[in-house]
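Accompanying notes for the structure given below.
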Amino acid sequence: MLDIKVQKTTAPKQKPAADDPLKFGTIYTDHMFLMDFNSEKGWHDARIVPYGDIMLSPAAVVLHYGQEMFEGLKAYKGPDGTPLLFRPGKNIERSHMTAERLCIPPVPEDVFLTALKELIKIDADWIPDAPATSLYVRPFMFGTDAKLGVDVSDSYLFVIILSPSGPYYPEGLNPIKIWTEDQYVRSIKGGLGHTKAGANYAASMKAQQEAHANGYSQVLWLDGATHSVIEEVGSMNIFFKIGGKVITRDLDGSILPGVTRDSVIALCKDWGVPVVEGSLTIEEVYEASQNGTLEEVFGTGTAAVISPVGELRWGDKNIMIGGGEIGEFTQKLYDTLTGIQLGMLPDPHGWVMKVE
Ligand code: COI
C-alpha cells in the first residue's frame, strides 16, 4: 500500500463560480501529488502538498533534452456526488508504453491509481458539475538530473495536477475548422508519435500557429512518408463516416492510441456500425465529399471528448461537412459517451471507476 504524506493547504483558493466558463486548463485546484525517483530508492516519498511552483536545477535533463511524458484523464461528479474516473487503467497502461520508449521508470499501476484517487478525494469539491465540464487530471513525469551530457536521467519527478475545465475548444459542440498540413510532419513510424511525450506537442506548434493565422483551429496531420494518409489531429484522433462506415487510422506506430478512440470503436461495434481501422487518404476524403458519401467527421480525445469537424482545408480545397451542424451519429456518440462518463447511462464495459 502506498504511504502518502499529506500536507493540506492552510490557504484554500476561491473556487470558480458555477457559471465560470472554465477555459480549458487555466485554473488549478488546492493540491498536487509529487513523488521522486532515484536509482537507490526507486519511486519514493509520495506526497500531496499545496499546489505551487516546483524547484528544478537549471541543468535538469528535461529542460535541455525534453525527457518528459504526460497523461490526461478526467474526473466527473457522479449522480450521488461520488467522483468518477473514466478508464484510468488505460491511461496507466499507455503511460507504461510511453515510459519504456522514453527510458523513464514506469510508475507501478497500483501506485499510480492510488495517487490519482487520493488527490482527487482531497480536491473533490473542485469537480465542476455544469454541463460539459469536468476535472481534468494531468499526471506527468520528467528527468531531473543536473547534467548537460545527452544521457538518460537517473532521477525523476512524478507530478499530478488537477484543473476544473470546460470544453477544450471554444466552439464547444459547434463544428471546428481544421487545416490539413502537407509540409510539416508530426511523426513517423519508429519516432515518438504513438507516445504521450511532450516533444510531440512541441513538434506540432509551428503548424498549429500557421493554421491559426489562416483562421483554422487545429491541424490535420498526414503521414510523414507520403503526405497523403490521414493520421490524427494532435490534440485528438480523427474519424470519418463515409458511406455508412466509420473509418479511422490504425495504430500503425505513429498515432496516439487514444482512450476515447478505443471507446468509440467499442461503441460502434456494440451498435453494429461497421468500423474500419486502416489507411484513408485526404484525396479519398475529398472524393467522398464530391460524390456525396462523406457523412460526418469528428475528433475524439480526453480533452476534446467528441468534437464535430465542419470544414477541412486541404491546399486550395475546402471540404465542407454537415452544413455547419453536428451530425446525428456524432451527437449520439457524444451523448452516449458523456452519459456513461457521468454515471447517467449503463456502463456495459465497466469503464467507470468510483473514487472512494
Ligand atoms: C488529452 O486529451 O488529454 C490530451 O492530452 C490532449 C491535449 C490537451 C494535449
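Taking the inverse of the mean reciprocal distance over all distinct Cα pairs, the Kirkwood hydrodynamic radius of the chain comes to 21.3 Å.
Would you mind checking the pairs Lys23/Lys177; Lys196/Lys354; Lys23/Lys269; Lys23/Lys90; Lys23/Lys147 and listing those with alpha carbons more than 30 angstrom apart?
Among Lys23/Lys177; Lys196/Lys354; Lys23/Lys269; Lys23/Lys90; Lys23/Lys147, the Cα-Cα distance tops 30 Å for Lys23/Lys269; Lys23/Lys147.
For the chain, the longest principal axis of the alpha carbon atoms and the long axis of helix 88-101 meet at an angle near 90°. Using Cα atoms only, what is the angle between the long axis of helix 328-341 and the major principal axis of the chain, expressed in degrees (0 to 90) to the nearest 10? In the chain, helix 328-341 runs at an angle near 20 degrees to the longest axis.
3J(HN,Hα) along region 309-320: 10, x, 7, 10, 9, 10, x, 9, 9, 10, 9, 9 Hz, from the Karplus curve 6.51 cos²θ - 1.76 cosθ + 1.60 with θ = phi - 60°, whole Hz, x for Gly and Pro. Database remark: amide H of Leu102 closer than 5 angstrom to no amide H (H placed geometrically; neighbours at sequence offset of 5 or more, or on other chains; Pro and chain starts carry no H). Computed as a quarter of the hull surface, the mean projected area of the alpha carbon convex hull for region 107-241 stands at 11.9 nm². Taking the Cα centroid of region 102-119 and of region 19-64, what is the distance between the two, rounded to the nearest whole Å? So the two Cα centres are separated by 13 Å.
By a 1.4 Å probe calculation restricted to protein chains, Arg186 has an accessible surface near 20 Å², given to the nearest 10.
The long axis of helix 282-291 is offset from the longest Cα principal axis of the chain by roughly 40 degrees. Protein heavy-atom surface of the chain, 1.4 angstrom probe: 53% of the accessible area is carbon and sulfur, with nucleic acids and ligands not counted.
The values are calculated or read from the model by the stated rules, or taken from the named source; none is laboratory data. Please read all numbers here as calculations on a predicted model, not as lab measurements. The area values use the complete protein model at the heavy-atom level, side chains included, leaving out ligands, DNA and RNA. Shrake-Rupley method; radii C 1.70, N 1.55, O 1.52, S 1.80 Å.
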